[in-house]
Each structure stands twice: as C-alpha cells, then as structure tokens.
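Each remark here refers to the structure printed beneath this line.
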Amino acid sequence: MAALQETVTHVASLDAKAYKYGFTTNIESEKAPKGLNEDIVRFISAKKNEPDWLTQWRLAAYQRWLTMSEPNWARVHYPKIDYQDLYYYSAPKSTPGPKTIDDVDPELLRTYEKLGIPLREQEILAGVQTRKVAVDAVFDSVSVATTFKEELAKAGVIFCPISEAVHTHPELVQKYLGSVVPVTDNYFATLNSAVFSDGSFVYIPKGVRCPMELSTYFRINEQNTGQFERTLIIADCDSYVSYLEGCTAPKRDENQLHAAVVELVALDNAQIKYSTVQNWYPGDSDGRGGIYNFVTKRGDCRGDNSHISWTQVETGSAITWKYPSCILRGNNSQGEFYSIAVSNGHQQVDSGTKMIHLGKNTKSRIVSKGISAGKSQNTYRGLVSAHRKAVGSRNFTQCDSLLIGQSCSAHTIPYIEAKNNHLQFEHEATTSKISDEQLFYAMQRGLSAEDATALIVNGFVREVLQQLPMEFAVEAQKLISISLEGSVG
Amino acid sequence: MLEVNDLHVSVGDREILKGFTLKVAAGEVAAIMGPNGTGKSTLSYVIAGREGYTITRGEILLNGVNLLDLAPHMRAANGVFLAFQYPVEIPGVACMQFLKAAMNAQRRSRGDEEINTPEFMKRVREESEKLKISQEMLRRPLNSGFSGGEKKRMEILQMALLQPKLSILDETDSGLDIDALKTVSEGVNSLRNPARGFLIITHYQRLLDYIKPDTVHVMAQGRIQKSGGAELALELEKHGYQNYVSNEAA
C-alpha cells in the first residue's frame, strides 16, 4: 500500500545525512606506527607506563591471538579485515593525561559539547543537565576527562580511566582484569587484551549505593584507527551502581574497527545496571563505511543474591557482533538483558545474550526487540544454559521482531541447554510487520506517515525503554525515531 | 459542507462506487443504509484517504477543499474523522499518549500551538467521564485487549477531543450491547451542532432510534438509490433492501 510504501521509500532513501554526529575533530594526534606486532604491544604498554605484569599479560594475549582465527559463525558478511593496516594507538597530542578539566584541549571540550556531553562540572551543576551524571570521556585511545571524581571519592567510589587505576589501584585491577572475560575467550577479546588502550574503571565499595549515574562516552575520531577499550566494573558486597555508555564516531568512507571488552563483577547482594546507547556511524546508503562493532561484554554474578542487568539500545554500526552475557554463579543471583536493536540501510546486526545458570535458584530474563528496515539484517542469537547444579533456575525469554519494508530480514536463533530437570525455561518469539491498518488508523487521526511509524515503533520497544534511566530513555526514543526516519526530532 | 460528486472507485478491476453523489449540509446528520457489499465501507475509507482504491472519476469536497488532493493526515487536520468499524490495536502505545500525539499532530498541521498538558488532561477527563471511560483504561495500550464496547467508546472519545467538522461513523453499532449503544449515541448526540456534519453508516434502524438522522439515503450497487427523511429508515426496516438490489446480485 502506498502509505507504507512511502515510508519504506523514505527509510530506504535515508543515508548518512541523518547521522548527526558525523563531524570530525581536527586535533593533532600521536599514533603508533600502523600494524600489529610485539613492538606495538610494548609501545602501548610503555606509553601508559604500565607495570611489568601487565606488559607480560598483553604479550601473552598477543601470542595467543596469533594462533586464533576470526569467528565466522555470525550472520554477518564483510570483507576480510587486514589487521596490519590499522593503527592500534592514537591519542590527542595535547593531553598527556589531563589533571583537571582546564588541562583538556578546548577543541576536545567543544567536541563533547557538540555531542551534548557536558564535561565541565560547573556547567552540570549550573543545571545544564537535570541530574548529576559523572562522565568519563574516551577519545580514540585515551580517556580525556572524568568528571565528579572528588565527589565520588567521598563516597569511596573509584571512577577513573583504567590506565590510571593500573597505577592507583593495582591490586584491584590485577585481581579482576580478565577474570570475567579470560584472555583466551575469543578472537576479538584476545586482540583487545593485547592492545587495549583505555576505558573506565569503577569500584563500588561494600555497602555503598553509588550517589550518581556513572557514564562513559566513547568517541572514535582518527582515521584507520581501531578502538579497543576495556571497562572493568566491580560492585563489592551490598553495593549498587548504574552505569551508562554512549558511543559515536565521525562519518568516514572506510570501516573502523571497535573491539571493546567490558567486564562486570557483582559480589554478594550487589547490583549492577549497565545501559548502552550505541550510535556508532552506521555507514552511508550504499553501505560504505561505518563501524565494525565487535564487542565482548560479560557480567559475573559472583556473589549470592547478586544482580546484573544489561540494557542496550543499538542503532548504529555497520556491523554489530555483541552478546552481553551473565554468568549466574552465586545462588539466587539474577541476570537480565533488555535490548532494542534497530537496523536500517545496509546494517547487519547479530546480537543477543548468554545466560549461564550455575548457581541454585538463579533467575534470568531476556527481552529483545529487533527492528529491521531498509536492506538490513537483524539476528537475535541467545544462549540459555543451566549447569546440573543449577536446580530451581528459571529463565524467561521474549524475542520480538518488527519488519519495516520488503528488503530487510529478521532471524531468531535461540540455544537452550538444560542439564538438570528442576528448572523452568520459557521462550516466546514473534515476528510482525507494521500493518497498513495501524498506519492508516494513526494517519486518520492526524499523524504523518513518519510520525505514525515512529509512534508504533516506540510502542513496540516500550517495555525495554522503561528499563533505561529516565533522561536516557527520552534520548533513546529520539534516537530510534531518527535512525528510522531521518526527519523526526 | 460535504459534497461528493459522481464518484467512481475501483479496487483492482472491480468498480465498487459507480457514480456516487451525496451532499451533507453543516449541522446535518445523514444516515447511509444498505445491504452488505454495496460499497459503504469503501466510501468511508475513500473519504478518509485509505490507500488501495483507484478513483477513476469524481470529487470529494469538504467546505470547498478537494480532499482527494490531500494525504490522510492532512484530511484529518482539515476536519475529517472516521470512527472505524474495527478499531485497530496499537500495542505499547497508551491511549493517553496516542490522544495527545493525534491532537498535537493536527494542531501542528493547521499551524496552531500544541495543547499544554494540564489543558489536555482536563479535556480528556471531562470527555471520558461522559463516555464512562475509566482512568485505568486510558493508561492501557490503545485498543489492546479492549472489548467491542470499549473500542467503540474510545472512538467516540477521540472524536470528542479532535472536534472534527465531518464525522463518519462506520457501523458503529456493530458489536454493541444496548447499554453501550446508548452511551455511544449520547456521546455522538452531544457533539451535534450547527457547524458539524455526520455521516452514519449502518445496516439497521436500531442505531437511528438513538441518533435521529435528518436525512436517510439508501445505498446499493455503488450509488444512492433513494433519499428521504427519517421515515425512510422505518420503511427499510419493514421491507428490507430487496427493492433496491433486484437487478444485480448483491
């Protein structure tokens, strides 16, 4: 029908113009030579003045990586990546580790201002933002600024670049780094272990409820540069933290590799809420350029009654390969995964989660909403498994896919493994199209085709949006509309 | 106010409206009655601008504006409202959210300011009370899991809030019990005023006991066969439509 057709055509005609964050920052940077070898790994480690154990850790990862091959089981297609044709380290030249916000290059501050990320605490306090959110800003390979550090320190919370934590809290880093995602885990995680540049480190001490939202904002700027961040969050017993990460990148014709690792550790009765709004550059209307987002995220519910919840809104990247997972080790621990994955144009998404039930009476819940438009491919891939000791464990999985137009596709691939008889796993899946009836009904009430589509899509993803912190939910809602329409918002 | 002139409409190769002509004056309630399959719903969809119909001839004017030139949402902004025979469910979108989106979309299309939230809440409260719609129902997703009666009341609520110039009620009485029929009819009657026109499409006389029409038109074989006053509906109730469908299979 023409109304739907119009929307579809509109969506199909959408290209990079709709991507608001595609600007480039002109700033001098210091790079390691192109390519990857032991010297580059040593170079990165030396740049960060790392202790010997970490250099050796990186080198071991690099040796391991040489023996591995790139995974090819995902439903995504891309030309072979030449790992020798990438830069593995890039840092804005003027920041040899900023001490205060005044040391940060003004050009960088302007970049984050344009992105709507306030880094000056006084601005935040003056009400630029309604709620206080501490931000760690990572630009290419290094952290350029972390806000509210002092206020957080009063509560005992450590929130700093991981490169700094290596020096200030070596015992914590050494104890937990690689304890959730082992060095040998997978091709991209192993690569990350060898060359990771920076990222955020969070430690919430026993019994502390983190007084504000923590957030990391990732920005890839340099050309031909891989970004390999490493995030490590530890919630000690009886603590709570809510953490948000956001990502954008300039428009470039070539693909850029992003292979991050995020590790979460929740000890007894601790809760970690991790939200992602991922809006990497998705490429243009012909499928040129865009980020390859090959990310390993895993949370370990190590303590009894611990609770980890992942919420993700994925609208960007040319290719997304990402499965934020929970290891439910502690008895009565809980894992959650709420996901909205929007794909348009030539985007390819293969994303989902793994819920590994090891402890008794562990619970997990998966709600995945995939929206495909244009010529995109959107796959949900999930694993729910229960160890023979995980008696009384329960999972509920709901995967809904919404198709817009004729040229996209959606796939649901659930894996379920139960090794004991005392558990309850439920799986529900639906695939639907925005119907002509729904569109016409909304248009008859006065909404344009684009507004009607946005409204229906927002209804479809509502359950997941509700999981996001309020301000981010509003942002995410706008973002979804923009990714689908290019005109709303 | 509404003027449909010599309208010919096809779906695929099949012509459904064959020279349909009708005038509805401001303040008039016109009833269109006729057997199944004579194009009554097609007429309402074509006025509202649904896709999938080929208009081969004719025009539809609302206060002089040719509706056929406008997209459905612009027709709505110009004052066309269709109460659906089968209201559509929109999962995840609360009634309140939908009502506000619709009101503001129309206001924007007309170049008016958006309604502020307290004013909006007040209007919704007033109108929903009249229609016996609870606050709880307004928080639920639009039409999802609503009973037949609830869906029809929600249609009338939207009509009351959007204040259309021309309201088309397509088989609004279908699926309603007698109490719901009364509530819905009262809702419609309270909206009658000298500036508004109504087009009421129905099979049965029953609805017209509650909403008294000014004119009644018998539709068969894609056009109006006979027009008259309210008494025509009573005559149809007695004799059926056989006099109007004799020379062609319905």
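The values are calculated or read from the model by the stated rules, or taken from the named source; none is laboratory data. Everything numeric in this text was worked out from a predicted model, so none of it was measured. Neighbour counts are summed over all protein chains in view; Cβ atoms, including those assigned to glycine, are modelled from backbone coordinates with ideal geometry. Calculation scope for accessible area: heavy atoms of the full protein, side chains included, ligands and nucleic acids excluded. Shrake-Rupley method; radii C 1.70, N 1.55, O 1.52, S 1.80 Å.
Test each condition in (1) among the small types (Gly, Ala, Ser); (2) touching a residue at least 12 places away in the same chain (Cβ under 8 Å); (3) under 27 Å from A:Phe460 (Cα atoms) for B:Gly79 and report the one that comes out false.
(3)
I'd like to know if segment A:413-420 contains one or more residues that are aliphatic (A, V, I, L, M) and open to solvent by less than 30 Å² (accessible area, probe 1.4 Å).
There is no residue in segment A:413-420 that is aliphatic (A, V, I, L, M) and open to solvent by less than 30 Å² (accessible area, probe 1.4 Å).
Go over the candidates B:Thr21, B:Thr42 one by one and state the one that is within 16 Å of B:Ile224 (Cα to Cα) and more than 13 Å from the chain's Cα centre (by Cα).
After ruling out the rest, the residue left standing is B:Thr21.
Run B:Ala26 past the list (1) assigned to a loop (DSSP other than H, G, I, E, B); (2) of a type outside the set (D, E, K, R); (3) surrounded by 15 or more Cβ atoms within 10 Å (Cβ to Cβ) and report the number of the one that doesn't hold.
With respect to (1) assigned to a loop (DSSP other than H, G, I, E, B); (2) of a type outside the set (D, E, K, R); (3) surrounded by 15 or more Cβ atoms within 10 Å (Cβ to Cβ), B:Ala26 is out only on (3).
So, in segment B:35-85, of the ones that are buried (at least 16 other Cβ atoms within 10 Å of the Cβ) and assigned to a strand (DSSP E or B), which residue ends up farthest from the other protein chains (Cβ to nearest Cβ)?
So the residue we want is B:Gly58.
Looking only at residues in segment A:472-489 that are open to solvent by 50 Å² or more (accessible area, probe 1.4 Å) and modelled with pLDDT under 70, which one is farthest from A:Glu450 (Cα to Cα)?
By that ranking, first place goes to A:Gly489.
Quick check: anything in segment A:393-406 more than 14 Å from chain B (Cβ to nearest Cβ), open to solvent by 50 Å² or more (accessible area, probe 1.4 Å), more than 30 Å from B:Asn78 (Cα to Cα) and in contact with a strand residue (DSSP E or B) (Cβ under 9 Å, 6 or more places away or on another chain)?
Within segment A:393-406, one or more residues are more than 14 Å from chain B (Cβ to nearest Cβ), open to solvent by 50 Å² or more (accessible area, probe 1.4 Å), more than 30 Å from B:Asn78 (Cα to Cα) and in contact with a strand residue (DSSP E or B) (Cβ under 9 Å, 6 or more places away or on another chain).
Name the strands (runs of 3 or more DSSP E) wholly inside segment A:291-386 in which the number of residues that are of a type in the set (D, E, K, R) is 2 or more.
Hits in segment A:291-386: A:348-357, A:363-372.
Give B:Phe146, B:Phe120 a once-over and let me know the one that is in a loop (DSSP other than H, G, I, E, B), touching a helix residue (DSSP H, G or I) at 6+ places or on another chain (Cβ under 7 Å) and surrounded by fewer than 22 Cβ atoms within 10 Å (Cβ to Cβ).
The unique qualifying residue is B:Phe146.
Only one residue in A:Glu475, A:Glu463, A:Glu450 is assigned to a helix (DSSP H, G or I), among the charged types (D, E, K, R), in contact with a helix residue (DSSP H, G or I) (Cβ under 9 Å, 6 or more places away or on another chain) and in contact (Cβ under 8 Å) with a residue 60 or more places away in the chain, so which one is that?
A:Glu450
If I ask for residues that are of a type outside the set (S, T, N, Q) and either open to solvent by 40 Å² or more (accessible area, probe 1.4 Å) or closer than 28 Å to A:Ser385 by Cα (or both), which ones from segment A:423-435 would you list?
Once the filter is applied, which keeps residues that are of a type outside the set (S, T, N, Q) and either open to solvent by 40 Å² or more (accessible area, probe 1.4 Å) or closer than 28 Å to A:Ser385 by Cα (or both), segment A:423-435 yields A:Leu423, A:Phe425, A:Glu426, A:His427, A:Glu428, A:Ala429, A:Lys433.
Quick check on segment A:462-471: of everything there that is open to solvent by 20 Å² or more (accessible area, probe 1.4 Å) and at pLDDT below 85, which residue is farthest from the other protein chains (Cβ to nearest Cβ)?
Among them, the one singled out is A:Glu471.
Could you pull out the residue among A:Gly459, A:Gly446 that is open to solvent by less than 50 Å² (accessible area, probe 1.4 Å), closer than 25 Å to A:Pro414 by Cα and modelled with pLDDT of 85 or more?
A:Gly459
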